[in-house]
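The values are calculated or read from the model by the stated rules, or taken from the named source; none is laboratory data. It should be emphasised that the depicted structure is a prediction, and the values quoted were computed from it without experimental measurement. All Cβ positions, glycine included, derive from the backbone under ideal geometry; neighbour counts span all protein chains shown. Side chains are part of the model used for accessible areas, which takes the heavy atoms of the whole protein and leaves out ligands, DNA and RNA. Shrake-Rupley method; radii C 1.70, N 1.55, O 1.52, S 1.80 Å.
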Amino acid sequence: MTRFESQKIRERSIYSLSGPVLFELLMLFMVPAVDAYYMTRVSPEAVAAVSAVLPVTGLGFILFAPLTQAGSSVAAQHLGANNHQLAGLTFSSLLGLNIILGLFMSLVFISFAPYLPEFVGLTGSLADLASLYIRALGFGYVFLAMKMTSSGIMNALGRTQINMWAAVLMNAVNLGLNHLFVTGALGFPKLGVIGIAAASGIAWLVSFLAALYFCHHYLARPKVIAASLPAVRETLGHVLRIGLPSSLEPLSYQLSQVVISRILVSLGVLAVTTKAYVANITLFSLLWGAAFASGTQIKISHLLGERSFKEATSQLVSGVKIALFGCTVLSLILAIGGPWFLRIFTEDPDVLRLGCQVLWVAVFLEWGRALNVIVGAALRASGDARFVAGFGVTSMWLLAVTGAYVIGVEAGLGLLGIWLVMSLDEHLRGWVSLRRWMSGRWQSKTVYR
């Protein structure tokens, strides 16, 4: 039987699980930041073209992340139940599924690269640049799928620090290759946007290989598992039962944000510019909540495998308290220091005035977002993903999107009103999810009922 050297999750604190995840997320957000910097060294047209197609190229993350988290949660429940053979089968099934999806995404982006820029309104030379970038990045999507799978495996094993160091390595490779491919240092050819896309793909591959090495290191002489087709089908069924509804929610969120962005455009340049600056500033608070949601999800998944439902609830409450405290402190610091933080981007007095007001509303938003992210992650880990996705999609369209137009445009409250409505949406989803958890209905949906 294959046995995994997973650290005893029961003995681990949420801090010890979430801390490396927070650093990993910071590293992951550094990759597009580095790409954006080197894009400016190519040309302003390259910046415009690639920025316009980011919603398209980001579809891979929306597809792979929920499936990986679902597989990680299912495997963690098997590990909690001390069923290492089914955990191994889940890992291998997840890797196979994501490789197939990664190859499919690569084929789509490579084949349709000339046409995808048209969907975001690009024409002429900008469309040509975007097409080159999409095609080059398309070759790397299978590596992204494998990299995210290996990260999910490490999370399930409680080895979140491995993902952190893999992310550091990924950033170092991406930074170095961007410099070589864009500047032509050391005799390398100047590849422009193709080089930037290639750097990302190679960095994903290196990160996967590093994580794969550690995966083998923490597998105590694994044996090949001879699994029957029904066993694989049942395993993938557990993963897809969580992963498919979980994919719907972030996809719907992306689409809702596109609509809200169009509403903002109708309000003028001031609203659009201020929104972009505030979103960048509040990123740190968002990452704090996401990191502790991941750490809490890992611990709860193991406890669900043990059928320790009361302790799972206790850990969820602890995770929520930690996330709320951290998000409150961070968002208050950002709100109080708003004038200084905003001046990093602009000296426009109108942007500074509006941005400072929105940052105070963001304090309220981050409370709701932390609650929503953590409790939603716990429900998805338990298998109650349909409820989270169903209510989440309904709320974000009926409350966030509709409210953004009614309050922001019709009532004349502008960006401030839109931020308030988005805050109410996060709070509503968070509190409804918490009530769902406390009802205990999710207990009938776990792998080990």
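With the checklist (1) outside any helix (DSSP H, G or I); (2) in contact (Cβ under 8 Å) with a residue 24 or more places away in the chain in hand, flag the one item Phe387 doesn't pass.
That leaves (1) as the condition not met.
Working only within the range 1-33, note down all residues that are modelled with pLDDT of 75 or more, farther than 28 Å from Val173 by Cα and open to solvent by 80 Å² or more (accessible area, probe 1.4 Å).
Glu11, Tyr15
For the range 179-190: of the residues being touching a Leu at 6+ places or on another chain (Cβ under 9 Å) and aliphatic (A, V, I, L, M), which is modelled with the highest pLDDT?
Filtering the range 179-190 for residues that are touching a Leu at 6+ places or on another chain (Cβ under 9 Å) and aliphatic (A, V, I, L, M), the one modelled with the highest pLDDT comes out as Leu180.
Please go through (1) modelled with pLDDT of 90 or more; (2) of a type outside the set (Gly, Ala, Ser); (3) in contact with a Gly (Cβ under 9 Å, 6 or more places away or on another chain) for Val278 and return the number of the only condition it doesn't satisfy.
The failed condition is (1).
Looking only at the range 157-177, count every residue that is touching a Pro at 6+ places or on another chain (Cβ under 8 Å) and open to solvent by 30 Å² or more (accessible area, probe 1.4 Å) and tell me the total.
Residues that pass the stated criteria total 2.
Looking at the range 165-180, I want the residues that are over 16 Å from Phe29 (Cα atoms) and have a partner that is hydroxyl-bearing (Ser, Thr, Tyr) and surrounded by 18 or more Cβ atoms within 10 Å (Cβ to Cβ) with Cβ atoms under 9 Å, at least 6 apart or on another chain. Which pairs are those?
Qualifying pairs under 9 Å: Leu177/Ser200; His179/Tyr38.
Filter the range 281-317 down to residues that are among the hydroxyl-bearing types (Ser, Thr, Tyr) and over 22 Å from the mean Cα position of the chain (by Cα) and give me whichever is modelled with the lowest pLDDT. Explain how you work it out, then say what you get.
Keep residues of the range 281-317 that are among the hydroxyl-bearing types (Ser, Thr, Tyr), which gives 282, 285, 294, 296, 301, 308, 313-314.
From what is left, the residues that are over 22 Å from the mean Cα position of the chain (by Cα) are 308, 313-314.
Values: Ser308: 87, Thr313: 93, Ser314: 92.
Filtering first and then ranking leaves Ser308.
Condition first: under 30 Å from Ala87 (Cα atoms), surrounded by fewer than 18 Cβ atoms within 10 Å (Cβ to Cβ) and of a type in the set (Ser, Thr, Tyr). Now tell me which residues in the range 393-449 satisfy that.
Ser439, Ser444, Tyr448, listed by residue number.
Please list, ordered by first then second residue, the pairs with beta carbon atoms under 7 Å, 6 or more apart or interchain, first in the range 410-438 and of a type in the set (Ser, Thr, Tyr), second open to solvent by 60 Å² or more (accessible area, probe 1.4 Å).
Ser423/Phe364
Is there a residue being in a loop (DSSP other than H, G, I, E, B) and either among the basic types (Lys, Arg) or closer than 22 Å to His179 by Cα (or both) anywhere in the range 25-32?
Scanning the range 25-32 turns up no residue that is in a loop (DSSP other than H, G, I, E, B) and either among the basic types (Lys, Arg) or closer than 22 Å to His179 by Cα (or both).
From (1) open to solvent by 60 Å² or more (accessible area, probe 1.4 Å); (2) assigned to a helix (DSSP H, G or I), pick out the condition that doesn't hold for Ala36.
Checking Ala36 against (1) open to solvent by 60 Å² or more (accessible area, probe 1.4 Å); (2) assigned to a helix (DSSP H, G or I), the one that fails is (1).
Does Glu45 fit the bill of being over 23 Å from Ala381 (Cβ atoms) and either of a type in the set (D, E, K, R) or touching a strand residue (DSSP E or B) at 6+ places or on another chain (Cβ under 7 Å) (or both)?
Criteria met by Glu45.
Condition (residue is out of contact with any Leu (no Cβ under 7 Å at 6 or more places or on another chain), surrounded by fewer than 24 Cβ atoms within 10 Å (Cβ to Cβ) and not hydrophobic (A, V, I, L, M, F, W, C)) applied to the range 67-83: is it met by at least one residue?
Yes: one or more hits.
Exactly one condition in (1) open to solvent by 50 Å² or more (accessible area, probe 1.4 Å); (2) assigned to a helix (DSSP H, G or I) is false for Ile344; which is it?
Looking at each condition in turn, Ile344 falls short on (2).
Looking at Ser18, Ser43 in this structure, which one is closer than 30 Å to Glu311 by Cα and of a type in the set (S, T, N, Q)?
One residue alone meets the criteria, Ser18.
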